[in-house]
Every structure is written in C-alpha cells, then in structure tokens.
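Reading through the structure tokens given below for one structure.
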Amino acid sequence: MSDKILYPIDTLRHSFAHLLAQAVQRTVDPLVQLWTWPSIEYGFYYDMHFSEWVEFGEKDLKNLTKQMRQIANEPQTYLRYDCALSHGYEINSLTDQKFKDELLDKFKAKGETEISYYLNVVPAAVLDNMRNMQDGYIELYRKVSAFFVANGTITDDQAVLFLDLCAGPHIAWTTKEDLDTNGMKLEKLAGAYRQADDTNPMMTRIYGLAFENKETLKAHEQMMVEAKKRDHRILGEQMKLFTISPLVWAGMPLLQPNWMVLRDEIIKYLRQLHKAKGYQQVWTPHLAKEDLYITSGHAEKFGDELFRVKGKDENDNFFMKPMNCPHHMQIYADNQFSYRDMPVRYFEPGTVYRDEKKWQLSGLTRVRSITQDDGHLFCRVSQLKEEVASIVQIIKEFYSTVGMVEDYWVSLSVRGDDKDLYIWADDVWEAAETALHEAAESENLPYRRVEGEAAFYGPKLDFMFKDAIGRERQLATIQADFNLPERFDLSYINEQGEKERPVVIHRAVSGSLERFMWVMIEHFAWAFPVRLAPTQVIILPVAEAFYDYAKSLEKEFLWADLRCKVDRSNESLNKMVRNAEKSKIPYILVVWEQEVKDMSVSVREFRSKEQYTLPVGEFVAKVSKEYEERAL
C-alpha cells in the first residue's frame, strides 16, 4: 500500500508556484519583485517584476522548468509561519519585497491583523554547499535563515531557501511521493499590470501547467493541440463570423451574416423555451440616468467599468447599461400585483456594456458589448423551489440540443460562516438555500454544495458544462436576490391585503450570447449540426448545363426554409467538394445528368461521410426533420 498523500490539485499547483519563484531567485534574479501566484485551471502563474539588467524570454522557460525539478529533489519542507500583520512589514524588508507591502496594506484595510508566510526549509548543509547561484541569493537566504533561527521558527541545523507571504495550503514536502514534477512544465509568458492598474509597471506573468502525473499532463497537451485547431478567433475569421474594427473599438464585435444566422437560431429557441414556461418578453433601452444605477448599487459595484455619457444639461449624467436587471425592476414597479399574479416572469435578450480593460479583451471570450439572454422572476419565497425547478428544466433541455448534458456539474453556492457579509435575515437565507437544494435534488442535478461562494444578496446555482474535448465552461446560472427588491422598494399585495416583498431570481441560460457562441464554435469545431449551420446545403452543378436545375433546387429549398446556396465558381467537381468540406457545410449535393432526369440529388454528408441519392422531396423532408428535432 502506497504512503502517497493525495493532495487536492490546487494545493499541488500552489506549491509549484512557490518552486517557480524560488527557481527564479536562485538562477535568474535574486532581486526579483514578487506579486501574486494563484492556482488556476490547468496550472498556476506567478506575476513578477525583473531587475532592469535581466533578460528573460520564452526561450528560458525550458531551463527554468528543469531548475524547478532539481529544486524539488532536495527535498524541501513547506513550513507555515504565523505572525501579526505588523510583523510582515519587517519580513518583507528583510527580503526587499516592496510589492508584498501593498498586499499587507490591502489586508490591513480589510481589518485583518494576522497573516502567514510559508518557508521552504532544508538542512543547513544544503545552503552551505550551494554553487553557481545568482550573486546575492545565498547571502540573502543566510540572512533570512539567521532571522528565523533567532526567533525559534527553525533550528540552527536548518536553512530557509525561499519564503512567501501566503495563506496556503501547501504540500508537506517536495518528495516524489507528494510532488510528481514530471506532471509540471512552464508554458508561456504574458504581461500583466499589478493590481490590474495600467499606471503600474507591466509585470511578467509566467504560466505553468501542473497535473498529478506525467500522463495527465501529456493528455492535456494533446487536448490543447486539438483546442488550437478549434480556436474561435481563427475559425471566426476564416468563416466570416464577426469583425473587430479598430475604427469601431476593440471588444465591440460586428456580427456578419453567418453570425446572425447562429444568433437568431439561439434566440428563437430561447424564446420558444421561455414562452412555454410563462415568460413575457420585454425590451429596455441601452441608456439610463445615473440615478438608476446608484439606486441599484451598480454604480458603486462596477465603478470604472461603466460607460458614462454626458447629457446636454450639465446635471444630466447617464450610463450605458451594465445590467438589464435595474430596468426590469422598473417594469415590475410600474404595475400593481397581488399574490394571485405571482410569479411574474420577464425575459430579454438585451445588450449591456462594460469597459473591460484592453489587455483582457480576446475574441468573443471577453468583450465590451455583451448580449445576455437575461431573465428575471419576481416570486414569493414559498415559490422559489418550483420556479428554480422550472428554470433547471429549460437549461437541461437547451444544453441537450448541443450535446453537453452528459457530463456536467452544478455549484450550489451558499453562505459562508461570516454572516455579516450577507444581507437579509437567517430565516430568508435558509428558505432560499433550501429551495435551491430541493430543486437540485428534485431535478437530479449533479451538484456540489460550495460554502462561501454565494453572492452577498443570495445563493445561486452555477452550471459547469464540458465541451467536446473536455474543457469546463461555466455558462448557465440561477441566482436568488433579496437585494434589488429592497433597494427599489418592490412589493405585491398578500392574502391579508398587506404589502409583501418579492424575491427576484436572476437566470441566464446561455450566459452571454458572445461567450456561448465562443463555446459553440470550439465545441463543434465549426462543424455545426443542421439547426445551427449558417449554410445547411450547398449545391454543386458539375457543368454549366446543370445550373438551371441547381437554381430550381435552391429556390425550392429556400421555400422550405433551408439555408442553401449554389456554387457558381466554375471549378472542377473535386475542387468544389473540397471547398464545401472546408466550410463544413452539413449537406453537399452534386447534380448532373442523372439527377436532372430523376428529379433527385446526390448527397454527401459532411459529418458522417455517407453518400447516397434521394428524390428531392425526401431530401427536403429529411433535413427539415433534423432541423425541427434539433438533431446532433
């Protein structure tokens, strides 16, 4: 039986981040200024600012990975050191880590008084026998070791090789049983502003991959090769989905005809699903007075992310809307509802705007104009379970049509221990959390209860779906909100003729259409099923003599609401077929003499590669059925 401790993957990744910073100090720059070092999906990163004399690039990552593996073989113990926050400034001064003082300042502003550091500890002989380190590294950690020997943290036969301001957790030590360094490698470099503030100097962000072992790392790298083929930015350009124009602005995609086909199909389906569940569609403008967002709290919450518009009158201040919900509150407030009317359900595919930082923008994954399939329900606390279950049914049906309900999970995000961080009374919170829990149970959701992840205004369900190559994406969400009804003084009349406060449920099925389309492009690698394909059928006449028949087919298909076109390129048949397959059009129809004679079509299916001949009417019926059934 193995003695290997099975640490959570985030603990392993966090521990690797400390090894990375140590390797940089030992072999690249002992004076490097360190910032933050989170565990992230697939690995970790560390932001650092190199000394001016240091030249560091992508070419150095391979050697730095090697250094990290050698360090792990020493082995080293991760030792936690707890102290008063005020003592942290002394330790940061000892190691000349000025940026860490900024972190202490942030903790201090939050009222924290205790902090912790993690030391990487080895026998003193390891430090004594070190050779070929960067000038200054050994002297620095002799000084650090003496400091911690003097205060009794380590003994005089031990030495510190690295320390970092850190809450942990970490592995116990860097033995092969606990830390398989073959499951780790440094991946790439990027730039990042400290505290996301572009007035600060640009820092170097070193990304690393980290998995439990070499096999899972290799599997991930193979997946990333496939992911590169599916990159929506490349496919979007090739297939003419969207345009990013510098004359318009980065993060404001212009939607080309192919995109609009996809967008309209998604919205049409969402409308259909919501109508069946009693939703009413509303529309709200893109601009509103500042007062609306002061009342809702979004002015304070989003701050610099809001687009501000100045009116003609100097007292007229407006915002481009960052959320649809404050507008929906106004629609509800303009009506008089009783308990018999509850719940009230609004749905709007509305565009909102946020001034995302320019270095965060990327294709459709992060944009400044965001179209949300936004829905808001106003209900009684006693109706929460039923309404949440109804939304869950919409989400499950929606994602079943894109093949993403076989392997997903749901985060049931509830309050943490510090109740002061959340508004409303315990009994209301317990009712809302119970309603979400019971809805998750009744709908057989694969959920996990996650403590402390609720929003300050209520608990939520976040749906985590996997795409075709196993990448996890957070898409749909359901959130209970006690905050906005209070802020806008919303009410309905209960059975006793008294005003009672409703609960608001925020829900988004696709999330944002931009983000959802990013996922769909990469999920299907552009090989969309018939329902979503911008062009469903392409007709290839093998010679000019068959153009009239091809045109008559095109007309008939268009009448049958099939999206079709005729290839008029006058290329060879093989070239036309190759072009159609490159565009991943579901059905390729070849027409020549026999097809004209029989009123048929010779069919080539892109996905299955099947080839067969069908009468025209049968082909139309087949494709129409696929469309209506949303077949994959």
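The values are calculated or read from the model by the stated rules, or taken from the named source; none is laboratory data. Keep in mind the model is a prediction, meaning the values are calculated, not measured. Cβ placement follows ideal geometry from the backbone for every residue including glycine, while neighbour counts extend to all protein chains displayed.
Considering only the stretch 53-64, how many residues are under 32 Å from the mean Cα position of the chain (by Cα) and either surrounded by fewer than 16 Cβ atoms within 10 Å (Cβ to Cβ) or over 15 Å from VAL28 (Cα atoms) (or both)? Residues in the stretch 53-64 being under 32 Å from the mean Cα position of the chain (by Cα) and either surrounded by fewer than 16 Cβ atoms within 10 Å (Cβ to Cβ) or over 15 Å from VAL28 (Cα atoms) (or both): 5 in total.
Pick from LYS228, LYS214, LYS268: which is under 30 Å from TYR7 (Cα atoms) and either within 26 Å of the chain's Cα centre (by Cα) or surrounded by 13 or more Cβ atoms within 10 Å (Cβ to Cβ) (or both)? Testing whether each residue is under 30 Å from TYR7 (Cα atoms) and either within 26 Å of the chain's Cα centre (by Cα) or surrounded by 13 or more Cβ atoms within 10 Å (Cβ to Cβ) (or both) leaves just LYS214.
Would you check if TYR279 is under 26 Å from ARG515 (Cβ atoms), at pLDDT below 95 and not hydrophobic (A, V, I, L, M, F, W, C)? No: the conditions fail for TYR279.
Name the residue, out of TYR332, TYR293, that is of a type in the set (Phe, Trp, Tyr), closer than 21 Å to PHE378 by Cβ, in contact (Cβ under 8 Å) with a residue 60 or more places away in the chain and in a helix (DSSP H, G or I). Outline the logic, then answer.
Working: TYR293 fails: in contact (Cβ under 8 Å) with a residue 60 or more places away in the chain.
Only one candidate passes the filter, namely TYR332.
The residues on offer are LEU247, LEU189, and the sole one that is outside any helix (DSSP H, G or I), in the same structural domain as LEU103 (by TED's automatic domain parsing) and of a type in the set (A, V, I, L, M) is LEU189. For the stretch 65-168, the helices (runs of 4 or more DSSP H) that sit wholly inside it and include 1 or more residues that are crowded, with 18+ Cβ neighbours inside 10 Å and polar (S, T, N, Q) are 85-95, 137-150.
Every test in (1) under 30 Å from LEU377 (Cα atoms); (2) modelled with pLDDT of 95 or more; (3) aliphatic (A, V, I, L, M) is passed by VAL261 save one, and that test is (2).
Can you confirm whether the stretch 87-102 contains a residue that is touching a residue at least 24 places away in the same chain (Cβ under 8 Å), hydrophobic (A, V, I, L, M, F, W, C), in contact with a Leu (Cβ under 6 Å, 6 or more places away or on another chain) and over 21 Å from ALA72 (Cα atoms)? Within the stretch 87-102, none of the residues are touching a residue at least 24 places away in the same chain (Cβ under 8 Å), hydrophobic (A, V, I, L, M, F, W, C), in contact with a Leu (Cβ under 6 Å, 6 or more places away or on another chain) and over 21 Å from ALA72 (Cα atoms).
Of the residues making up the stretch 415-450, those that are farther than 18 Å from HIS506 by Cβ, of a type in the set (Ser, Thr, Tyr) and in a loop (DSSP other than H, G, I, E, B) number 0.
Kindly provide the set of residues from the stretch 176-224 that are among the basic types (Lys, Arg) and either within 30 Å of ASP467 (Cβ to Cβ) or at pLDDT 95 or above (or both), ordered by number.
Narrowing the stretch 176-224 to residues among the basic types (Lys, Arg): 176, 185, 188, 194, 205, 214, 218.
Answer for the stretch 176-224, where residues must be among the basic types (Lys, Arg) and either within 30 Å of ASP467 (Cβ to Cβ) or at pLDDT 95 or above (or both): LYS185, LYS188, ARG205, LYS214, LYS218.
Within the stretch 557-566, restricting attention to residues that are touching a strand residue (DSSP E or B) at 6+ places or on another chain (Cβ under 9 Å) and charged (D, E, K, R), the residue that is farthest from GLU265 (Cα to Cα) is LYS565. From the list PRO246, PRO201, the one residue that fits, being more than 27 Å from ALA580 (Cα to Cα) and without any contact (Cβ under 8 Å) to a residue 40 or more places away in the chain, is PRO246.
With touching a strand residue (DSSP E or B) at 6+ places or on another chain (Cβ under 9 Å) and modelled with pLDDT of 95 or more as the only criterion, which of GLU472, GLU514, GLU500 stands out? Break it down stepwise before answering.
On the way: GLU472 fails: modelled with pLDDT of 95 or more; GLU514 fails: modelled with pLDDT of 95 or more.
Unique residue meeting the criteria: GLU500.
Here VAL577, VAL601 are screened, and the one residue that is aliphatic (A, V, I, L, M), closer than 27 Å to VAL261 by Cα, outside the structural domain of MET404 (by TED's automatic domain parsing) and part of a strand (DSSP E or B) is VAL601. Taken residue by residue, the stretch 332-351 has at least one member that is under 30 Å from ASN494 (Cβ atoms), among the aliphatic types (A, V, I, L, M), surrounded by fewer than 17 Cβ atoms within 10 Å (Cβ to Cβ) and out of contact with any helix residue (DSSP H, G or I) (no Cβ under 6 Å at 6 or more places or on another chain).
Filter the stretch 299-319 for residues that are assigned to a helix (DSSP H, G or I) and out of contact with any strand residue (DSSP E or B) (no Cβ under 8 Å at 6 or more places or on another chain) and give the result.
So in the stretch 299-319, the residues assigned to a helix (DSSP H, G or I) come out as 299-305.
Result: GLU300, LYS301, PHE302, GLY303, ASP304, GLU305.
Would you check if LEU12 is in contact with a strand residue (DSSP E or B) (Cβ under 8 Å, 6 or more places away or on another chain) and of a type outside the set (Asp, Glu)? Walk me through it before giving the result.
Working: in contact with a strand residue (DSSP E or B) (Cβ under 8 Å, 6 or more places away or on another chain): yes; of a type outside the set (Asp, Glu): yes.
Answer is yes for this residue.
Within the stretch 252-268, residues that are of a type in the set (Lys, Arg) reach partners that are surrounded by fewer than 18 Cβ atoms within 10 Å (Cβ to Cβ) with beta carbons closer than 8 Å, at six or more positions or on different chains, in the pairs ARG263/LEU255. Of all residues in the stretch 542-574, those satisfying the criterion of being part of a loop (DSSP other than H, G, I, E, B), closer than 22 Å to TYR627 by Cα and of a type outside the set (Gly, Ala, Ser) are ASP561, LEU562, ARG563. State whether one or more residues within the stretch 495-516 are closer than 30 Å to VAL402 by Cα, in contact (Cβ under 8 Å) with a residue 24 or more places away in the chain and of a type in the set (Phe, Trp, Tyr). Among the residues of the stretch 495-516, at least one is closer than 30 Å to VAL402 by Cα, in contact (Cβ under 8 Å) with a residue 24 or more places away in the chain and of a type in the set (Phe, Trp, Tyr), which makes the answer yes.
I'm trying to understand the selection: among the residues of the stretch 522-541, which are assigned to a strand (DSSP E or B) and in contact with a Ser or Thr (Cβ under 8 Å, 6 or more places away or on another chain)? Steps first, answer last, please.
Quick first cut of the stretch 522-541, residues assigned to a strand (DSSP E or B) only: 537-541.
Selection gives ILE538 alone.
Per the conditions (1) of a type outside the set (Gly, Ala, Ser); (2) in a helix (DSSP H, G or I); (3) farther than 24 Å from ASP341 by Cα; (4) in contact with a Pro (Cβ under 9 Å, 6 or more places away or on another chain), the sole criterion not satisfied by LYS396 is (4). Residue check: LEU127 meets all listed conditions (1) over 19 Å from TRP37 (Cβ atoms); (2) out of contact with any strand residue (DSSP E or B) (no Cβ under 9 Å at 6 or more places or on another chain) but one, namely (2).
Which one of ARG448, ARG415 is assigned by TED's automatic domain parsing to the domain that holds MET520, over 27 Å from TYR279 (Cβ atoms) and modelled with pLDDT of 90 or more? Full working, then the answer.
Working: ARG415 fails: modelled with pLDDT of 90 or more.
Sole residue among the options that is assigned by TED's automatic domain parsing to the domain that holds MET520, over 27 Å from TYR279 (Cβ atoms) and modelled with pLDDT of 90 or more: ARG448.
Residues of the stretch 192-219 that are within 22 Å of GLN67 (Cβ to Cβ) and in a helix (DSSP H, G or I): LYS214, LEU217, LYS218.
Filter the stretch 404-436 for residues that are of a type outside the set (A, V, I, L, M) and surrounded by 14 or more Cβ atoms within 10 Å (Cβ to Cβ) and give the result. Don't jump to the end; show me each part of the working.
To start, the set of residues in the stretch 404-436 that are of a type outside the set (A, V, I, L, M) comprises 406-409, 411, 413, 415-420, 422, 424, 426-427, 429-430, 433-434.
Hits for the stretch 404-436 are TYR408, TRP409, SER411, SER413, ARG415, TYR422, TRP424, TRP429, GLU433, THR434.
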